[in-house]
Amino acid sequence: MCKNMPPMELAIQFHGHICPGLLMGIRVAEFAQKHLDVSQDYDEELLAVVETNSCGVDAIQAILGCTFGKGNLIFKDYGKNVYTIASRDKNRAVRIAQKFKDRPDPDSVRYRQLNQKADLTDTEVNEKENLLGVIFEKIMSMPFEEIFNWQEIEFDFPEKAQIYPTVQCALCGEGVMEPRAIKNEQGYICPTCV
Amino acid sequence: MCEANVYINRSGQEELLMESVDRIVPGEDHSIFMENIFGERRVIKARIREMELVHHRIILEEIREASESRHLELWLEPDTNHGHFHPGEEVSLKLHKGYNMCIDSEAGFSVLQAFLVNEGVLEEVDMHDHHGTMEIGINQKLDGLVQVYVREQGDQERYAITLVEVGHHHHHGMKPAGLPLEIVPCDYSHARLGENYEIQVLKEGQPLAGVEVRVTYSSTQNRDYPHRLTTDEEGRAKLFLTARGNYLFSVSDDNIISTFTLIKSF
(Lines give C-alpha, C1' and ligand atoms only; values in the text may rest on other atoms or scores of the structure.)
Protein backbone atom coordinates (compact mmCIF):
# COMPACT_ATOMS: atom_id res chain seq x y z
CA MET A 1 0.00 0.00 0.00
CA CYS A 2 1.47 3.34 -1.07
CA LYS A 3 -0.54 5.64 1.14
CA ASN A 4 -1.90 5.35 4.63
CA MET A 5 -5.53 4.45 4.36
CA PRO A 6 -7.90 6.75 6.17
CA PRO A 7 -9.97 5.20 8.96
CA MET A 8 -13.12 4.71 6.91
CA GLU A 9 -11.28 2.87 4.17
CA LEU A 10 -9.49 0.70 6.72
CA ALA A 11 -12.84 -0.29 8.19
CA ILE A 12 -14.47 -1.02 4.83
CA GLN A 13 -11.45 -3.01 3.69
CA PHE A 14 -11.55 -5.06 6.89
CA HIS A 15 -15.32 -5.60 6.90
CA GLY A 16 -15.58 -6.25 3.18
CA HIS A 17 -18.55 -4.05 2.37
CA ILE A 18 -20.22 -0.79 3.32
CA CYS A 19 -23.30 -1.05 5.50
CA PRO A 20 -25.07 1.16 8.05
CA GLY A 21 -23.82 -0.87 11.03
CA LEU A 22 -20.21 -0.48 9.98
CA LEU A 23 -20.67 3.27 9.51
CA MET A 24 -22.02 3.53 13.07
CA GLY A 25 -18.87 1.78 14.28
CA ILE A 26 -16.72 4.18 12.27
CA ARG A 27 -18.42 7.14 13.98
CA VAL A 28 -17.79 5.55 17.40
CA ALA A 29 -14.14 4.77 16.68
CA GLU A 30 -13.40 8.22 15.27
CA PHE A 31 -15.16 9.91 18.18
CA ALA A 32 -13.25 7.82 20.74
CA GLN A 33 -9.92 8.62 19.06
CA LYS A 34 -10.64 12.32 19.14
CA HIS A 35 -12.17 12.38 22.60
CA LEU A 36 -9.37 10.39 24.23
CA ASP A 37 -6.73 11.93 21.94
CA VAL A 38 -5.31 8.56 21.03
CA SER A 39 -4.14 6.95 17.83
CA GLN A 40 -4.49 3.38 16.62
CA ASP A 41 -3.41 0.81 19.17
CA TYR A 42 -0.02 -0.81 18.78
CA ASP A 43 0.22 -3.13 21.75
CA GLU A 44 -2.78 -2.92 24.04
CA GLU A 45 -2.49 0.73 25.01
CA LEU A 46 -6.18 0.83 24.11
CA LEU A 47 -8.92 -1.50 25.19
CA ALA A 48 -12.44 -1.85 23.84
CA VAL A 49 -15.37 -3.46 25.58
CA VAL A 50 -18.12 -4.10 23.04
CA GLU A 51 -21.61 -5.16 24.03
CA THR A 52 -22.57 -6.35 20.56
CA ASN A 53 -21.16 -8.56 17.85
CA SER A 54 -22.66 -6.53 15.01
CA CYS A 55 -20.89 -4.93 12.04
CA GLY A 56 -19.78 -1.87 14.00
CA VAL A 57 -17.29 -3.95 15.99
CA ASP A 58 -15.25 -4.47 12.83
CA ALA A 59 -14.74 -0.71 12.62
CA ILE A 60 -13.51 -0.73 16.21
CA GLN A 61 -10.99 -3.43 15.35
CA ALA A 62 -9.82 -1.86 12.09
CA ILE A 63 -9.63 1.77 13.22
CA LEU A 64 -8.71 1.53 16.88
CA GLY A 65 -6.64 -1.63 16.62
CA CYS A 66 -8.51 -3.25 19.49
CA THR A 67 -8.69 -6.71 18.06
CA PHE A 68 -9.86 -10.16 18.93
CA GLY A 69 -6.40 -11.59 18.31
CA LYS A 70 -4.53 -9.06 20.44
CA GLY A 71 -6.87 -9.60 23.35
CA ASN A 72 -7.77 -5.95 23.79
CA LEU A 73 -11.28 -6.44 22.43
CA ILE A 74 -13.58 -7.71 25.14
CA PHE A 75 -16.94 -8.97 23.92
CA LYS A 76 -19.93 -8.97 26.21
CA ASP A 77 -22.87 -10.62 24.51
CA TYR A 78 -25.54 -8.15 25.66
CA GLY A 79 -27.01 -7.34 22.23
CA LYS A 80 -26.53 -3.60 22.83
CA ASN A 81 -24.82 -1.12 20.58
CA VAL A 82 -22.62 0.05 23.43
CA TYR A 83 -18.87 0.50 23.21
CA THR A 84 -16.43 1.39 25.98
CA ILE A 85 -13.06 2.57 24.76
CA ALA A 86 -10.31 2.95 27.32
CA SER A 87 -6.76 4.25 27.16
CA ARG A 88 -4.19 2.82 29.57
CA ASP A 89 -1.77 5.68 28.88
CA LYS A 90 -4.34 8.34 29.64
CA ASN A 91 -6.13 6.33 32.31
CA ARG A 92 -9.42 7.39 30.77
CA ALA A 93 -12.40 5.57 29.36
CA VAL A 94 -15.46 6.69 27.46
CA ARG A 95 -18.69 4.69 27.22
CA ILE A 96 -20.64 5.30 24.03
CA ALA A 97 -24.20 4.05 23.63
CA GLN A 98 -26.38 4.30 20.53
CA LYS A 99 -29.59 6.18 21.29
CA PHE A 100 -32.81 4.24 21.14
CA LYS A 101 -35.30 5.59 18.64
CA ASP A 102 -39.04 5.11 19.12
CA ARG A 103 -39.61 5.82 15.46
CA PRO A 104 -36.92 4.30 13.32
CA ASP A 105 -35.77 6.16 10.26
CA PRO A 106 -38.01 5.02 7.33
CA ASP A 107 -35.01 4.81 5.00
CA SER A 108 -33.25 2.45 7.41
CA VAL A 109 -36.39 0.35 7.83
CA ARG A 110 -36.78 0.03 4.08
CA TYR A 111 -33.07 -0.76 3.64
CA ARG A 112 -33.32 -3.53 6.22
CA GLN A 113 -36.37 -4.97 4.45
CA LEU A 114 -34.53 -5.06 1.16
CA ASN A 115 -31.40 -6.44 2.78
CA GLN A 116 -33.34 -9.38 4.16
CA LYS A 117 -35.16 -10.10 0.93
CA ALA A 118 -33.68 -12.96 -1.06
CA ASP A 119 -34.59 -12.19 -4.68
CA LEU A 120 -34.55 -8.50 -5.40
CA THR A 121 -36.00 -7.12 -8.61
CA ASP A 122 -33.88 -4.75 -10.69
CA THR A 123 -35.84 -1.82 -9.28
CA GLU A 124 -35.26 -3.02 -5.73
CA VAL A 125 -31.55 -3.49 -6.35
CA ASN A 126 -31.38 0.12 -7.52
CA GLU A 127 -33.49 1.27 -4.61
CA LYS A 128 -31.29 -0.54 -2.09
CA GLU A 129 -28.13 0.94 -3.58
CA ASN A 130 -29.61 4.44 -3.55
CA LEU A 131 -30.89 4.02 0.00
CA LEU A 132 -27.45 2.94 1.20
CA GLY A 133 -26.04 6.14 -0.27
CA VAL A 134 -28.68 8.24 1.49
CA ILE A 135 -28.16 6.46 4.82
CA PHE A 136 -24.37 6.67 4.40
CA GLU A 137 -24.49 10.44 4.05
CA LYS A 138 -26.98 10.73 6.90
CA ILE A 139 -24.90 8.69 9.35
CA MET A 140 -21.61 10.36 8.48
CA SER A 141 -23.03 13.90 8.47
CA MET A 142 -25.27 13.75 11.53
CA PRO A 143 -23.97 15.37 14.73
CA PHE A 144 -22.54 12.63 16.93
CA GLU A 145 -24.76 13.52 19.88
CA GLU A 146 -27.86 12.93 17.77
CA ILE A 147 -26.92 9.29 17.35
CA PHE A 148 -25.04 8.45 20.55
CA ASN A 149 -24.93 9.17 24.25
CA TRP A 150 -21.48 9.18 25.75
CA GLN A 151 -19.84 9.70 29.10
CA GLU A 152 -16.45 9.29 30.70
CA ILE A 153 -16.45 6.46 33.20
CA GLU A 154 -14.17 4.96 35.83
CA PHE A 155 -12.56 1.90 34.35
CA ASP A 156 -10.73 -1.01 35.94
CA PHE A 157 -8.07 -1.94 33.46
CA PRO A 158 -7.50 -5.67 33.28
CA GLU A 159 -3.99 -7.04 32.98
CA LYS A 160 -2.62 -7.13 29.47
CA ALA A 161 -3.34 -10.37 27.64
CA GLN A 162 -1.04 -13.14 28.78
CA ILE A 163 0.73 -15.75 26.73
CA TYR A 164 0.33 -19.19 28.27
CA PRO A 165 2.29 -22.34 27.55
CA THR A 166 0.85 -24.78 25.04
CA VAL A 167 0.48 -28.37 26.21
CA GLN A 168 -0.41 -31.46 24.24
CA CYS A 169 -3.81 -33.06 24.59
CA ALA A 170 -3.41 -36.66 25.63
CA LEU A 171 -6.33 -37.77 23.43
CA CYS A 172 -6.10 -35.89 20.12
CA GLY A 173 -2.45 -34.92 20.29
CA GLU A 174 -3.14 -31.31 19.38
CA GLY A 175 -1.68 -28.37 21.25
CA VAL A 176 -3.89 -26.47 23.68
CA MET A 177 -3.41 -23.41 25.87
CA GLU A 178 -2.70 -24.76 29.35
CA PRO A 179 -5.45 -22.90 31.27
CA ARG A 180 -8.06 -24.14 28.75
CA ALA A 181 -7.17 -27.81 29.28
CA ILE A 182 -8.18 -30.00 32.15
CA LYS A 183 -5.74 -32.37 33.73
CA ASN A 184 -6.65 -35.91 34.73
CA GLU A 185 -4.85 -39.21 35.12
CA GLN A 186 -4.37 -39.36 31.33
CA GLY A 187 -2.68 -35.96 31.23
CA TYR A 188 -3.95 -32.72 29.68
CA ILE A 189 -7.30 -32.97 27.86
CA CYS A 190 -8.37 -30.19 25.48
CA PRO A 191 -11.95 -28.80 25.53
CA THR A 192 -12.76 -30.59 22.27
CA CYS A 193 -11.98 -33.98 23.74
CA VAL A 194 -13.60 -33.50 27.13
CA MET B 1 -60.81 3.51 0.21
CA CYS B 2 -58.44 4.08 3.11
CA GLU B 3 -55.23 2.59 1.84
CA ALA B 4 -54.31 0.42 -1.09
CA ASN B 5 -51.71 -2.04 -2.22
CA VAL B 6 -49.68 -0.76 -5.13
CA TYR B 7 -48.70 -3.18 -7.86
CA ILE B 8 -46.43 -2.63 -10.81
CA ASN B 9 -46.98 -4.19 -14.18
CA ARG B 10 -43.78 -5.40 -15.74
CA SER B 11 -44.05 -7.16 -19.06
CA GLY B 12 -47.63 -8.23 -18.31
CA GLN B 13 -46.83 -9.55 -14.83
CA GLU B 14 -48.11 -7.80 -11.73
CA GLU B 15 -45.72 -7.46 -8.84
CA LEU B 16 -46.59 -6.09 -5.39
CA LEU B 17 -44.62 -2.90 -4.99
CA MET B 18 -45.84 -1.56 -1.66
CA GLU B 19 -48.55 -2.49 0.81
CA SER B 20 -51.00 -0.18 2.59
CA VAL B 21 -50.14 2.96 0.70
CA ASP B 22 -51.98 6.00 1.95
CA ARG B 23 -50.27 8.73 -0.05
CA ILE B 24 -49.34 8.99 -3.70
CA VAL B 25 -47.87 12.14 -5.22
CA PRO B 26 -47.04 12.27 -8.92
CA GLY B 27 -43.81 14.15 -9.43
CA GLU B 28 -41.99 15.70 -12.32
CA ASP B 29 -40.32 13.59 -14.94
CA HIS B 30 -42.84 10.72 -14.63
CA SER B 31 -41.87 9.90 -11.07
CA ILE B 32 -44.40 8.77 -8.49
CA PHE B 33 -43.79 9.20 -4.79
CA MET B 34 -45.66 6.87 -2.45
CA GLU B 35 -45.79 6.44 1.28
CA ASN B 36 -47.56 3.79 3.33
CA ILE B 37 -49.06 3.69 6.79
CA PHE B 38 -45.80 2.22 8.16
CA GLY B 39 -43.86 5.29 7.07
CA GLU B 40 -42.08 3.56 4.20
CA ARG B 41 -41.49 5.70 1.14
CA ARG B 42 -40.56 4.98 -2.43
CA VAL B 43 -40.12 6.87 -5.64
CA ILE B 44 -40.51 5.10 -8.94
CA LYS B 45 -40.64 6.10 -12.56
CA ALA B 46 -44.05 4.90 -13.60
CA ARG B 47 -47.54 5.96 -14.61
CA ILE B 48 -50.82 4.95 -13.01
CA ARG B 49 -52.44 2.34 -15.21
CA GLU B 50 -55.52 1.47 -13.17
CA MET B 51 -57.09 2.18 -9.79
CA GLU B 52 -59.41 -0.53 -8.43
CA LEU B 53 -60.85 1.43 -5.53
CA VAL B 54 -63.20 -1.28 -4.31
CA HIS B 55 -60.37 -3.79 -4.15
CA HIS B 56 -57.87 -1.31 -2.71
CA ARG B 57 -55.49 -1.86 -5.61
CA ILE B 58 -53.47 0.61 -7.63
CA ILE B 59 -51.63 -0.69 -10.64
CA LEU B 60 -48.65 1.16 -12.06
CA GLU B 61 -46.84 0.65 -15.28
CA GLU B 62 -43.10 1.07 -15.21
CA ILE B 63 -41.59 3.63 -17.51
CA ARG B 64 -38.34 2.45 -18.92
CA GLU B 65 -35.80 4.99 -19.99
CA ALA B 66 -36.07 5.50 -23.70
CA SER B 67 -32.88 4.17 -25.20
CA GLU B 68 -32.64 7.09 -27.58
CA SER B 69 -32.40 9.47 -24.60
CA ARG B 70 -29.29 7.60 -23.48
CA HIS B 71 -26.59 9.28 -25.42
CA LEU B 72 -23.21 7.65 -25.68
CA GLU B 73 -20.29 9.22 -23.89
CA LEU B 74 -16.59 8.67 -23.60
CA TRP B 75 -14.72 8.16 -20.40
CA LEU B 76 -11.17 7.42 -19.33
CA GLU B 77 -10.06 4.96 -16.70
CA PRO B 78 -6.51 4.41 -15.47
CA ASP B 79 -4.81 1.08 -15.88
CA THR B 80 -4.07 0.85 -12.18
CA ASN B 81 -6.17 -0.30 -9.27
CA HIS B 82 -4.79 1.91 -6.59
CA GLY B 83 -5.58 5.36 -7.81
CA HIS B 84 -2.21 6.64 -8.99
CA PHE B 85 0.95 5.78 -10.86
CA HIS B 86 4.49 5.74 -9.57
CA PRO B 87 7.24 7.93 -11.00
CA GLY B 88 8.96 6.02 -13.79
CA GLU B 89 5.92 3.80 -14.36
CA GLU B 90 4.14 4.03 -17.71
CA VAL B 91 0.93 6.01 -17.36
CA SER B 92 -1.65 3.92 -19.12
CA LEU B 93 -5.33 4.70 -19.55
CA LYS B 94 -8.24 3.02 -21.26
CA LEU B 95 -10.87 4.88 -23.23
CA HIS B 96 -14.41 3.58 -23.11
CA LYS B 97 -17.63 4.50 -24.87
CA GLY B 98 -21.05 3.76 -23.45
CA TYR B 99 -23.43 5.10 -20.86
CA ASN B 100 -23.43 5.13 -17.05
CA MET B 101 -19.99 3.46 -17.06
CA CYS B 102 -21.42 0.50 -18.95
CA ILE B 103 -19.40 -0.11 -22.08
CA ASP B 104 -21.38 -0.29 -25.31
CA SER B 105 -19.37 -2.84 -27.24
CA GLU B 106 -21.27 -2.04 -30.43
CA ALA B 107 -20.34 1.63 -30.36
CA GLY B 108 -17.54 2.59 -32.66
CA PHE B 109 -15.25 5.61 -32.51
CA SER B 110 -15.01 8.46 -34.97
CA VAL B 111 -11.96 10.69 -35.22
CA LEU B 112 -10.11 10.49 -31.92
CA GLN B 113 -7.27 12.56 -30.52
CA ALA B 114 -5.67 12.27 -27.10
CA PHE B 115 -3.81 14.99 -25.26
CA LEU B 116 -1.65 15.38 -22.18
CA VAL B 117 -1.59 18.62 -20.20
CA ASN B 118 1.46 18.72 -17.97
CA GLU B 119 2.16 21.92 -16.03
CA GLY B 120 0.08 23.89 -18.51
CA VAL B 121 1.83 22.46 -21.58
CA LEU B 122 -0.44 20.72 -24.07
CA GLU B 123 0.85 17.86 -26.14
CA GLU B 124 -0.85 15.24 -28.32
CA VAL B 125 -0.21 11.66 -27.25
CA ASP B 126 -0.58 8.35 -29.04
CA MET B 127 -3.62 6.20 -28.76
CA HIS B 128 -3.80 2.63 -29.99
CA ASP B 129 -6.26 -0.18 -30.29
CA HIS B 130 -5.36 -3.05 -28.00
CA HIS B 131 -7.59 -6.06 -28.64
CA GLY B 132 -10.61 -3.86 -29.23
CA THR B 133 -9.92 -1.40 -26.42
CA MET B 134 -8.51 2.04 -27.08
CA GLU B 135 -5.50 2.66 -24.88
CA ILE B 136 -3.31 5.63 -24.17
CA GLY B 137 0.21 4.93 -23.00
CA ILE B 138 2.39 7.82 -21.89
CA ASN B 139 6.01 6.79 -21.81
CA GLN B 140 7.65 9.87 -20.44
CA LYS B 141 8.95 11.05 -17.11
CA LEU B 142 6.00 12.47 -15.22
CA ASP B 143 5.66 13.56 -11.63
CA GLY B 144 2.70 15.26 -10.02
CA LEU B 145 -0.78 15.85 -11.36
CA VAL B 146 -1.36 15.77 -15.09
CA GLN B 147 -4.51 15.98 -17.16
CA VAL B 148 -5.26 13.57 -19.97
CA TYR B 149 -8.15 14.15 -22.30
CA VAL B 150 -9.61 12.68 -25.45
CA ARG B 151 -11.65 14.41 -28.12
CA GLU B 152 -13.93 12.64 -30.55
CA GLN B 153 -15.37 14.54 -33.45
CA GLY B 154 -18.31 13.07 -35.29
CA ASP B 155 -22.09 13.40 -35.14
CA GLN B 156 -21.53 14.80 -31.67
CA GLU B 157 -18.45 16.25 -30.08
CA ARG B 158 -17.35 14.16 -27.14
CA TYR B 159 -14.69 14.82 -24.53
CA ALA B 160 -13.35 12.68 -21.73
CA ILE B 161 -10.89 14.09 -19.24
CA THR B 162 -9.25 12.78 -16.12
CA LEU B 163 -6.67 13.86 -13.61
CA VAL B 164 -3.81 11.43 -13.21
CA GLU B 165 -1.61 11.45 -10.15
CA VAL B 166 1.98 10.32 -10.63
CA GLY B 167 3.79 9.96 -7.33
CA HIS B 168 2.25 10.79 -3.99
CA HIS B 169 0.69 13.63 -2.09
CA HIS B 170 -0.08 16.11 -4.80
CA HIS B 171 -2.85 18.19 -3.36
CA HIS B 172 -2.83 21.34 -5.41
CA GLY B 173 -5.74 22.44 -7.54
CA MET B 174 -5.70 22.25 -11.32
CA LYS B 175 -6.26 24.82 -14.00
CA PRO B 176 -8.88 23.89 -16.58
CA ALA B 177 -7.54 22.20 -19.70
CA GLY B 178 -9.55 24.59 -21.86
CA LEU B 179 -12.15 22.24 -23.36
CA PRO B 180 -15.28 23.84 -24.87
CA LEU B 181 -17.30 22.05 -22.17
CA GLU B 182 -15.33 20.90 -19.17
CA ILE B 183 -15.88 19.47 -15.71
CA VAL B 184 -13.15 20.70 -13.38
CA PRO B 185 -12.53 19.40 -9.84
CA CYS B 186 -12.68 22.36 -7.47
CA ASP B 187 -10.12 21.32 -4.91
CA TYR B 188 -8.27 18.14 -5.70
CA SER B 189 -7.07 16.57 -2.50
CA HIS B 190 -7.42 12.82 -2.81
CA ALA B 191 -11.16 12.33 -3.00
CA ARG B 192 -12.30 10.09 -0.21
CA LEU B 193 -15.34 8.05 0.60
CA GLY B 194 -17.58 9.77 3.08
CA GLU B 195 -16.56 13.26 1.97
CA ASN B 196 -18.05 15.85 -0.31
CA TYR B 197 -16.51 16.35 -3.72
CA GLU B 198 -17.14 19.52 -5.66
CA ILE B 199 -16.79 20.13 -9.37
CA GLN B 200 -17.33 23.13 -11.61
CA VAL B 201 -18.72 23.04 -15.13
CA LEU B 202 -17.14 25.48 -17.57
CA LYS B 203 -18.36 26.30 -21.04
CA GLU B 204 -15.77 28.12 -23.11
CA GLY B 205 -13.99 28.80 -19.84
CA GLN B 206 -17.00 30.39 -18.15
CA PRO B 207 -19.08 28.82 -15.34
CA LEU B 208 -22.20 27.12 -16.67
CA ALA B 209 -25.11 27.56 -14.27
CA GLY B 210 -28.24 25.44 -14.08
CA VAL B 211 -26.95 22.51 -16.11
CA GLU B 212 -27.54 18.91 -15.12
CA VAL B 213 -24.48 16.90 -14.13
CA ARG B 214 -24.98 13.14 -14.09
CA VAL B 215 -22.79 11.17 -11.71
CA THR B 216 -22.21 7.45 -11.52
CA TYR B 217 -19.61 5.07 -10.13
CA SER B 218 -18.02 1.88 -11.31
CA SER B 219 -19.82 -0.40 -8.86
CA THR B 220 -23.32 0.87 -9.50
CA GLN B 221 -26.04 -1.61 -10.29
CA ASN B 222 -28.39 1.15 -11.38
CA ARG B 223 -29.46 0.98 -15.01
CA ASP B 224 -29.31 4.75 -15.19
CA TYR B 225 -27.13 7.37 -13.54
CA PRO B 226 -27.72 7.15 -9.78
CA HIS B 227 -27.07 10.87 -9.19
CA ARG B 228 -28.22 13.95 -11.04
CA LEU B 229 -26.99 17.30 -9.78
CA THR B 230 -27.68 20.82 -10.99
CA THR B 231 -24.94 23.41 -11.07
CA ASP B 232 -25.37 26.59 -9.05
CA GLU B 233 -24.82 30.13 -10.35
CA GLU B 234 -21.05 29.55 -10.21
CA GLY B 235 -21.38 26.37 -12.24
CA ARG B 236 -20.58 24.28 -9.17
CA ALA B 237 -22.16 21.09 -7.88
CA LYS B 238 -21.28 18.89 -4.93
CA LEU B 239 -21.66 15.20 -4.26
CA PHE B 240 -21.16 13.13 -1.13
CA LEU B 241 -19.06 10.12 -2.14
CA THR B 242 -20.56 6.88 -0.92
CA ALA B 243 -19.15 4.21 -3.21
CA ARG B 244 -15.84 2.48 -3.72
CA GLY B 245 -14.02 2.88 -7.00
CA ASN B 246 -13.89 5.59 -9.62
CA TYR B 247 -16.69 8.08 -10.23
CA LEU B 248 -17.80 9.49 -13.57
CA PHE B 249 -19.25 12.99 -13.93
CA SER B 250 -21.00 13.73 -17.22
CA VAL B 251 -22.52 16.86 -18.71
CA SER B 252 -23.98 17.69 -22.09
CA ASP B 253 -24.75 21.00 -23.73
CA ASP B 254 -25.10 22.19 -27.32
CA ASN B 255 -24.24 18.85 -28.92
CA ILE B 256 -21.14 18.43 -26.76
CA ILE B 257 -20.88 15.64 -24.20
CA SER B 258 -18.06 15.94 -21.73
CA THR B 259 -17.07 13.64 -18.90
CA PHE B 260 -14.62 13.75 -16.04
CA THR B 261 -13.39 10.58 -14.34
CA LEU B 262 -12.59 10.97 -10.69
CA ILE B 263 -9.94 8.40 -9.93
CA LYS B 264 -10.09 7.14 -6.36
CA SER B 265 -7.57 4.98 -4.62
CA PHE B 266 -10.30 3.02 -2.86
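Structure notes:
- Scanning the stretch A:16-47 for residues that are open to solvent by less than 40 Å² (accessible area, probe 1.4 Å) and either under 30 Å from B:F85 (Cβ atoms) or among the basic types (K, R) (or both) returns A:I18, A:I26, A:R27.
- Test: residue in the stretch B:222-244 that is buried (at least 16 other Cβ atoms within 10 Å of the Cβ), of a type in the set (G, A, S) and either touching a residue at least 60 places away in the same chain (Cβ under 8 Å) or in contact with a Gly (Cβ under 8 Å, 6 or more places away or on another chain) (or both): yes
- Residue ID - nearest to B:Q153 (Cα to Cα), chosen from residues in the stretch B:79-116 that are in contact with a Gly (Cβ under 9 Å, 6 or more places away or on another chain) and in a strand (DSSP E or B): B:V111
- Of everything in the stretch B:16-30 that is modelled with pLDDT of 80 or more and over 22 Å from A:P104 (Cα atoms), the residue that is farthest from the other protein chains (Cβ to nearest Cβ) is B:P26.
- Selection count where residues are open to solvent by less than 90 Å² (accessible area, probe 1.4 Å) and closer than 21 Å to A:E145 by Cα, scope the stretch A:80-126: 19
- Selection from the stretch B:245-266 of residues that are among the polar types (S, T, N, Q) and either open to solvent by less than 20 Å² (accessible area, probe 1.4 Å) or part of a loop (DSSP other than H, G, I, E, B) (or both): B:N246, B:S250, B:N255, B:S258, B:T259, B:T261, B:S265
- For the stretch A:147-178, the set of residues classified as open to solvent by 60 Å² or more (accessible area, probe 1.4 Å) and in contact with an Asp or Glu (Cβ under 8 Å, 6 or more places away or on another chain) consists of A:K160, A:Y164, A:P165, A:T166, A:Q168, listed by residue number.
- Top-ranked residue of the stretch B:31-71 - restricted to ones that are part of a loop (DSSP other than H, G, I, E, B) and among the small types (G, A, S), ranked as modelled with the highest pLDDT: B:G39
- Answer residue from the stretch B:117-149, given it is touching a Gly at 6+ places or on another chain (Cβ under 9 Å) and closer than 20 Å to B:K203 by Cβ and is surrounded by the fewest Cβ atoms within 10 Å (Cβ to Cβ) among those: B:L122
The values are calculated or read from the model by the stated rules, or taken from the named source; none is laboratory data. Since we're looking at a predicted model, the values are computed, not measured. Positions of Cβ are generated from backbone atoms using ideal geometry, with glycine treated the same way; all protein chains shown enter the neighbour counts. Please note that ligands, DNA and RNA were not included when accessible areas were found on the heavy atoms of the full protein model with its side chains. Shrake-Rupley method; radii C 1.70, N 1.55, O 1.52, S 1.80 Å.
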